[in-house]
Amino acid sequence: MKSKTKNDVIFFACLIIILFFSALLGFESRPGKSTPGSAYLVIQRPGESKRFSLNENHRFSIGTHTVEIREGAVRVSEARCPLKICEKQGWVKEGVIICAPFKTAFIVGAGGAEAYDVISY
């Protein structure tokens, strides 16, 4: 087997650097990535959809849930579902909190509902 040459080492070092920067660029440009001033909470329930800004601290009840918005993050502080999985998720800055028993989705992020192509119940 041939030993490593200087050109092999340079080639693989360049390849690793290119892959690293490609991964960074891909992560930064993904759809739904939060940008300051455009973050929203979208709550989708059967037959109902509401949108709230994450720029203001707020606590409110919607259906069977008490939702808290603080410093750009969202959490379900109280829920009446049996397992309370939506409560256990804690603070979310970007992503989805799902309450399956009550068919409710809390979509957190820049694009809100537009960032996800499908959420099924």
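Scan region 1-36 residue by residue and report those that are surrounded by 10 or more Cβ atoms within 10 Å (Cβ to Cβ), modelled with pLDDT of 85 or more and among the charged types (D, E, K, R).
ASP8
Need pairs with beta-carbon distance below 7 Å; first residue closer than 14 Å to ALA39 by Cβ and within region 92-104, second basic (Lys, Arg); sequence gap 6+ or separate chains.
VAL92/ARG75
Could you look through region 62-82, keep only residues that are loosely packed, with under 13 Cβ neighbours inside 10 Å and modelled with pLDDT under 90, and pick out the one that is farthest from LYS103 (Cα to Cα)?
This residue is GLU71.
The values are calculated or read from the model by the stated rules, or taken from the named source; none is laboratory data. As the structure is a prediction and not an experimental result, all values here were calculated from the model. Don't worry about glycine lacking a Cβ; one is built from the backbone with ideal geometry, like all the others, and counts go over all protein chains shown.
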